[in-house]
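Worksheet: the structure to be examined is printed underneath.
The values are calculated or read from the model by the stated rules, or taken from the named source; none is laboratory data. Here the structure is a predicted model, which means the values were calculated and not measured. Virtual Cβ from ideal backbone geometry, glycine too; neighbours counted across all protein chains shown. To get the accessible areas, we keep the full protein, side chains included, count just its heavy atoms, and leave off ligands, DNA and RNA. Shrake-Rupley method; radii C 1.70, N 1.55, O 1.52, S 1.80 Å.
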Amino acid sequence: MDTDVTHIAVGGAIADFHSRPVKRHWGRLAGIGLTAAAAAVVGMIVATSLPTTPVEPAAPAISQTSPAQETPSGPLKDLFAAADEVLVLQALPNPTAWNKAQEEFLRQSQSAPAAPGIPGPQFPVLGVEPINVLQVLKGTRIPGQSTLDVKAAPAWWKNTNSVAPLTFLAFITKGTDGESHLMTEPHALLEIRNLRQGILTDTTTHEVVDTGPDLSQRISVAPTGDVPIATYTTVPKVVGMIQEQRMNADGTSSGVMNGHLTSTEACFTFQTSTQKVYLRWPSGYTAATKSLPEDASGDISSDNNSLGDRPVVLNDWGVVYGYDGSPWPALTGNLTNETASCSNEVLPVFDVVPTEGPGSSPYALNHEAGASLP
């Protein structure tokens with residue numbers, strides 16, 4: 001849906017779309033604590049741990065006789081051969097355990113300061129954590145929710161969330177205790193940052209890792225079932241902002257993004273107390289429907305296991321950028337002279353310009369920053 005025309009029609013009656021009513025409050029998205037001063041840009045929105053709910057439908061299991069189980073050629077063939085399991089997985093948040101460990105560490109640190117020569121309390125590390133297995137490249141594990149000992153993983157594994165979970169290629173060994181453990185060899189855990197292209201990066205240097213085509217072609221995490229949204233190809237020379245000026249009782253301010261999605265296309269709008277615009281996105285963005293955790297009032301909730309289907313915007317890397325009902329303090333971009341129709345409403349077109357670079361996602365901003373990928 002790349003377009004430069006002056007009227008973009010995303011047709012269909014309102015009943016044809018999946019949509020939620022406009023909300024004018026922050027909801028209960030975990031980790032978003034933006035103040036009015038922090039409302040200058042969209043990139044300052046941060047979402048932290050959400051409940052450990054299923055994120056994506058699991059891929060079908062690969063049988064032991066599948067060619068995908070064979071050791072691939074390429075730089076990681078020895079690591080693959082040594083592993084008992086090779087999984088494509090998502091890190092799921094584990095806030096209850098992480099918060100408890102942090103509280104215990106702080107309690108011990110305050111009650112028993114370390115004496116000379118005596119080790120003090122140990123900072124909490126990762127342990128057996130929840131995961132969502134997307135693909136089984138080697139082994140017999142069933143795709144879906146599971147657990148894995150990830151003590152060897154970087155601490156920023158904890159930055160994952162249920163809206164935009166961190167995705168990895170993991171090489172796993174069975175220990176003498178009978179448990180599955182993440183291997184400690186170099187490249188035993190690679191982050192898949194660009195889901196559309198399946199690009200893997202080192203979890204320490206964040207540099208792209210060449211796994212060879214035989215292995216990389218087995219990885220399939222690109223979005224499926226997504227539909228086009230209106231996009232632009234030339235980045236606007238002038239970048240401005242739409243910002244909600246009216247303050248809420250708690251001192252915050254926010255407009256609301258809403259989405260309308262059919263089986264073939266989608267459109268999104270942004271509304272403040274004074275204006276409403278049609279959103280046009282950078283080239284490569286698409287839309288999809290995803291199940292997100294929400295409470296009874298329809299807010300994204302950190303303490304509720306109910307799931308609700310919502311239209312979402314997927315960025316150029318295939319990661320959730322925003323969802324229907326998202327509260328935003330502001331959007332950066334350019335208000336054009338064009339108009340477009342969304343759900344039978346003609347609105348001025350606003351070209352959204354993310355300020356965080358390639359693969360930017362407000363829900364991944366609390367992840368460890370990595371090198372820009374090609």
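Worth a mention:
- Residues being assigned to a loop (DSSP other than H, G, I, E, B), in contact (Cβ under 8 Å) with a residue 40 or more places away in the chain and of a type outside the set (S, T, N, Q) - total across region 169-208: 9
- Residues of region 346-374 satisfying the condition of being open to solvent by 40 Å² or more (accessible area, probe 1.4 Å), out of contact with any His (no Cβ under 9 Å at 6 or more places or on another chain) and at pLDDT below 95: Thr355, Glu356, Pro358, Leu365, Ser372, Pro374
- When we screen Ile142, Ile118 for residues that are at pLDDT 70 or above, of a type outside the set (Lys, Arg) and surrounded by fewer than 16 Cβ atoms within 10 Å (Cβ to Cβ), the only hit is Ile142.
- Among residues of region 262-288 that are within 20 Å of Pro358 (Cβ to Cβ), those with a beta-carbon under 6 Å from a residue that is aromatic (Phe, Trp, Tyr) and open to solvent by 10 Å² or more (accessible area, probe 1.4 Å) at least six positions away or on a different chain give the pairs Arg280/Tyr232.
- Scanning region 317-345 for residues that are over 20 Å from Arg196 (Cα atoms) and open to solvent by less than 20 Å² (accessible area, probe 1.4 Å) yields a count of 14.
- Checklist (1) part of a loop (DSSP other than H, G, I, E, B); (2) in contact with a Phe, Trp or Tyr (Cβ under 8 Å, 6 or more places away or on another chain) applied to Val277, failing item: (1)
- Sole exception among (1) at pLDDT below 90; (2) open to solvent by less than 10 Å² (accessible area, probe 1.4 Å) for Ile229, by number: (1)
- Scanning region 167-223 for residues that are open to solvent by less than 80 Å² (accessible area, probe 1.4 Å) and hydroxyl-bearing (Ser, Thr, Tyr) yields Thr167, Thr173, Ser180, Thr201, Thr203, Thr205, Thr211, Ser216.
- Residue satisfying all of: in region 242-260; in contact with a Ser or Thr (Cβ under 6 Å, 6 or more places away or on another chain) and among the aliphatic types (A, V, I, L, M); most open to solvent (accessible area, probe 1.4 Å) among these: Met247
- For Ser111: the one exception among (1) within 21 Å of Gly198 (Cβ to Cβ); (2) open to solvent by 20 Å² or more (accessible area, probe 1.4 Å); (3) modelled with pLDDT under 95: (1)
- Inside region 79-96, residues that are in a loop (DSSP other than H, G, I, E, B), of a type in the set (A, V, I, L, M) and modelled with pLDDT under 95 make up a count of 1.
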